[in-house]
Amino acid sequence: MQSNVPHGLLGGMRRVLVGVVVCVVSVASPPVARAQDAVRVTTLAREDHVLVSLELPGAYSEEIRDAVASGLETTFSFEIELRQPVAFWLDRTVDRVSVSASVRYDGLTGRYRVRRIVDGRVEPVWVVEEEAAVRQLLTTFERLPLFSTRDLETNGEYRVRVRMDRRPRTGWFRWPWARPAARGRASFTFLP
C-alpha cells in the first residue's frame, strides 16, 4: 500500500522522533558515573580473611536526608563480589556477600535507629541522636571480614566489586532496569 506522505517529510518525522526519544532517555536516566556516587573500596588480606572497607562520601544527599527525616526507613544495600580475572574471558566469581545499613527516624523521641546486616547476620543496633553519626553508620564500613582466604591462590590477582543501591529510590522517574546508585571496585594480589 502506498503512503500519501512525501518521502522527505516521512524521513524528517523519523529524525524528530529519534531526537525526542534520545532526549527523554538522556534526561530520565541517571548519569553512569558521578563522583559523589562512587563507592571507595579498599581491601586488606589479614590472617584468614579479606577485610573490605567501603566509603560513600556523597551518598547521604539532601534527598536522602529528607527521606530519613520524614520517618521512612532508608536502606543502603551493597552487593559485594570477590572475583578472579580470567584471560580472554569473563571474571570468575569466587564469592558473593550482601551488606546493608538501614535507618529509621522516630519523630517522637528525636532518635535514629540504625541497623546493619552483614551476610545475613544482624549486627548490634545503634540508637543515636546525632545526624552525623547516622551518616557515618550508613556510608562507612571499616574492615569487614567478608571473604575467606582459604581458597585463594598465592600471588593470585583478585578484584572486589561493589554495587550499591538505596531505598527508597529518589527521583521522579526510574527505569525498571535502573543501574545501581553507586559502584566501586578494588584490585589486590593475595600474598599470605
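Summary table below
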quantity: Odd one out for LEU152 among (1) assigned to a loop (DSSP other than H, G, I, E, B); (2) in contact (Cβ under 8 Å) with a residue 12 or more places away in the chain; (3) loosely packed, with under 12 Cβ neighbours inside 10 Å; calculated: (3)
quantity: Residues being at pLDDT 90 or above, basic (Lys, Arg) and not in a strand (DSSP E or B) - total across segment 20-73; calculated: 1
quantity: Restricting segment 157-167 to residues that are surrounded by fewer than 20 Cβ atoms within 10 Å (Cβ to Cβ) and out of contact with any Ser or Thr (no Cβ under 7 Å at 6 or more places or on another chain), the residue that is farthest from VAL103 (Cα to Cα); calculated: ARG161
quantity: Segment 108-148 - residue that is assigned to a loop (DSSP other than H, G, I, E, B) and among the aliphatic types (A, V, I, L, M) and, of those, surrounded by the fewest Cβ atoms within 10 Å (Cβ to Cβ); calculated: LEU108
quantity: Top-ranked residue of segment 170-192 - restricted to ones that are surrounded by 13 or more Cβ atoms within 10 Å (Cβ to Cβ), out of contact with any helix residue (DSSP H, G or I) (no Cβ under 8 Å at 6 or more places or on another chain) and assigned to a loop (DSSP other than H, G, I, E, B), ranked as modelled with the highest pLDDT; calculated: PHE190
quantity: Total residues in segment 85-126, condition of a type in the set (Ser, Thr, Tyr) and closer than 28 Å to PHE190 by Cα; calculated: 3
quantity: Residue in segment 94-105 that is among the basic types (Lys, Arg) and either outside the structural domain of LEU144 (by TED's automatic domain parsing) or part of a strand (DSSP E or B) (or both) present; calculated: yes
quantity: Check on ASP119, assigned by TED's automatic domain parsing to the domain that holds ASP66, in contact (Cβ under 8 Å) with a residue 60 or more places away in the chain, more than 20 Å from GLY58 (Cα to Cα) and not hydrophobic (A, V, I, L, M, F, W, C); calculated: no
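Yes/no matrix, rows are residues, columns are (1) farther than 28 Å from GLY156 by Cα; (2) more than 16 Å from the chain's Cα centre (by Cα):
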position: GLU62; (1), (2): yes, yes
position: ASP66; (1), (2): yes, yes
position: THR75; (1), (2): yes, no
position: PHE78; (1), (2): no, no
position: LEU82; (1), (2): no, no
position: VAL99; (1), (2): no, no
position: THR109; (1), (2): yes, yes
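Conditions (1) in contact with a helix residue (DSSP H, G or I) (Cβ under 9 Å, 6 or more places away or on another chain); (2) more than 23 Å from ALA181 (Cα to Cα); (3) at pLDDT below 95, marked per residue:
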{"residue": "GLU79", "(1), (2), (3)": "no, no, no"}
{"residue": "PRO85", "(1), (2), (3)": "no, yes, yes"}
{"residue": "TRP89", "(1), (2), (3)": "no, yes, yes"}
{"residue": "ARG96", "(1), (2), (3)": "no, no, no"}
{"residue": "VAL99", "(1), (2), (3)": "no, no, no"}
{"residue": "SER102", "(1), (2), (3)": "yes, no, no"}
{"residue": "GLY110", "(1), (2), (3)": "no, yes, yes"}
{"residue": "ASP119", "(1), (2), (3)": "no, no, yes"}
{"residue": "VAL122", "(1), (2), (3)": "no, yes, yes"}
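The values are calculated or read from the model by the stated rules, or taken from the named source; none is laboratory data. Values in this document were obtained by computation on a predicted structure and should not be read as measured data. In this analysis, Cβ positions are derived from the backbone assuming ideal geometry, glycine residues included, and neighbour counts consider all displayed protein chains.
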